[in-house]
Each structure stands twice: as structure tokens, then as C-alpha cells.
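K.L.:
Take a look at the following structure, please.
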Amino acid sequence: VFIGTLRATKGPQVVIEAVKKINLKLPVELFIWGAEAGGGFLQELKLKSSGDKRIHFCGTFPQDKFSDILMDADVVVIPSLWYENTPLTALSVLAGRRLLIVSDLGGLSSLVDDGRTGFVFPPGDTDALVGILERLVTDRNLLEAIAGNAPPPSSVSDYVHELLEGYFKP
């Protein structure tokens with residue numbers, strides 16, 4: 001699953017290109033959730049994915065349906081090509097105990113212990129992403145183990161407590 005704004009910097013084209021490289025015999029489907037930011041990028045993405053029936057454009061969903069989207073997903077890919085802070089999507093995926101694959105950029109990669117709680121790949125590197133996805137498709141035990149390792153995000157009060165401890169150590 002890709003969840004995010006459909007703009008080049010968010011990288012939906014990266015995950016589309018990766019899925020198109022995966023052997024058609026492997027059971028892979030890509031569900032793209034999000035709205036276009038403008039400029040005809042959605043049409044460009046649809047053109048890129050044309051002919052591949054494994055790629056589905058799903059539009060948007062109300063925020064209260066986020067957990068329903070996650071329940072149907074094995075993996076969420078955030079293939080950003082620009083620096084993200086700590087996106088709410090990534091935190092929500094971790095809270096939903098789903099496997100997260102992210103670009104090796106700032107706030108994204110800091111959320112994942114590569115190979116233990118998720119996977120990190122170089123930004124824009126479709127071949128690296130293909131390798132991760134194929135590995136997960138062919139080893140369901142690995143997928144389940146890593147998703148189970150993902151720590152849920154801290155509550156707001158725990159997060160504030162951690163910050164205060166960092167600033168006011170005796």
C-alpha cells in the first residue's frame with residue numbers, strides 16, 4: 001500500500017516502477033491511496049502503471065477508515081524522495097502493527113530498525129525496493145516476524161515525558 005499525496009516528491013512512481021519489475025507469478029498487488037496535488041501527475045502515474053492489473057488507484061478515504069485500510073495491507077511503502085519529518089502515516093502504520101518500508105531519509109528511516117522492525121532503501125532505488133518486496137512475498141514468516149517487532153509509537157504523554165527527561169537530566 002502507498003498512502004499519501006500523489007506528487008513526485010512523495011515517490012508513488014518509485015513503488016509503481018518497483019511493482020512493475022516484480023515477476024508476474026508472485027502474488028503482489030499495489031493499492032495507491034491519495035489525492036493528486038495537481039498538475040496532471042495522477043494521469044502520469046496511471047500511464048506508468050498501464051497494463052499492470054496488480055496496480056490499483058483507490059482515491060482517498062476518510063481519516064476514520066485508516067485502520068480499515070491497514071487491516072487489508074501487509075506492507076506500507078513510503079518511498080519519499082525528499083526529507084520528511086515524522087509523518088503521521090508512518091506512525092499510524094507502526095501503531096497498526098504493519099510492516100513499514102521507507103526511503104532512507106531523515107524522519108522516515110529513524111522510525112525503522114532496518115531488517116528488524118521494517119526496511120529502509122535508498123531513495124528512488126527501485127531495484128532495492130524490488131529486492132525487499134520479493135523477499136517478503138516469498139517468505140511470509142519474515143513478513144509476520146518483522147511486523148510483530150514494530151514498536152507502537154509512544155503516547156503523547158510518554159513522548160513529552162521522554163523530551164523532558166532529555167532536557168532536564170540531573
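K.L.:
Of the lysine pairs in the chain, how many meet both conditions: Cα atoms under 30 Å apart, and a spacing of 8 or more in sequence or different chains?
P.N.:
Taking the chain as the scope, the lysine pair count is 20.
K.L.:
Assign one of three labels to the range 100-169, namely rounded, prolate or oblate, based on the Cα gyration tensor with a ≥ b ≥ c the square roots of its eigenvalues; rounded applies when a/c is under 1.5, prolate when it is not and a/b is larger than b/c, and oblate otherwise.
P.N.:
oblate
K.L.:
Tell me, Kirkwood radius of the range 1-152 from alpha-carbon pair distances, in Å?
P.N.:
15.3 Å
K.L.:
Under 1.5 on a/c is rounded, so check that first for the range 1-67, then, if it is not, pick prolate when a/b is larger than b/c and oblate when it is not; a ≥ b ≥ c are the square roots of the alpha carbon gyration tensor eigenvalues.
P.N.:
Oblate, since a/c reaches 1.5 and b/c is not below a/b.
K.L.:
Hey, another quick one. Quick one: which of 55-64, 9-18 comes out on top by average Cβ neighbours within 10 Å, and what's the full order, highest first?
P.N.:
Going from most to least packed, we get 9-18, 55-64.
K.L.:
Sticking with this one: Nothing charged except the Cβ atoms of Lys and Arg (+1) and of Asp and Glu (-1): what's the magnitude of the dipole of the chain about its Cα centre? Round to the nearest 20 debye.
P.N.:
440 debye
K.L.:
How much accessible area per residue does the range 32-122 have, counting only protein heavy atoms and a probe of 1.4 Å, in square angstrom?
P.N.:
50 Å²
K.L.:
Once the convex hull of the alpha carbons of the range 73-132 is built, what does its volume come to per residue, in cubic angstrom?
P.N.:
Taking only Cα atoms, the range 73-132 has a hull volume of 70 Å³ per residue.
K.L.:
Helix-only mean residue ellipticity at 222 nm, the chain, DSSP H runs n ≥ 4 weighted -39,500 (n - 2.57), per residue, nearest 500. What is it?
P.N.:
After summing the helix terms and dividing by residue count, I get -12000 deg cm²/dmol.
K.L.:
Something else now. At what distance in angstrom do the alpha carbon centres of the range 1-73 and the range 91-164 lie from each other?
P.N.:
Cα centroid to Cα centroid, the span is 18 Å.
K.L.:
While we're looking at this one, here's another question. So, with a 1.4 angstrom probe, what is the percent of accessible area on the range 1-64 that is carbon and sulfur?
P.N.:
C and S atoms contribute 54 percent here.
K.L.:
Kindly express, to the nearest 10 degrees and within the range 0 to 90, the angle between helix 140-149's C-alpha long axis and the longest C-alpha principal axis of the chain.
P.N.:
That helix lies at roughly 30 degrees to the long axis.
K.L.:
So which trypsin sites (Lys or Arg not before Pro) in the range 109-152 are both in a DSSP loop and have at most 12 other Cβ atoms within 10 Å of their Cβ?
P.N.:
Arg116
The values are calculated or read from the model by the stated rules, or taken from the named source; none is laboratory data. The structure presented is a predicted model; accordingly, all values stated were derived computationally and were not measured. Positions of Cβ are generated from backbone atoms using ideal geometry, with glycine treated the same way; all protein chains shown enter the neighbour counts. Surface areas here come from the heavy atoms of the whole protein model, side chains and all, with no ligands, DNA or RNA. Shrake-Rupley method; radii C 1.70, N 1.55, O 1.52, S 1.80 Å.
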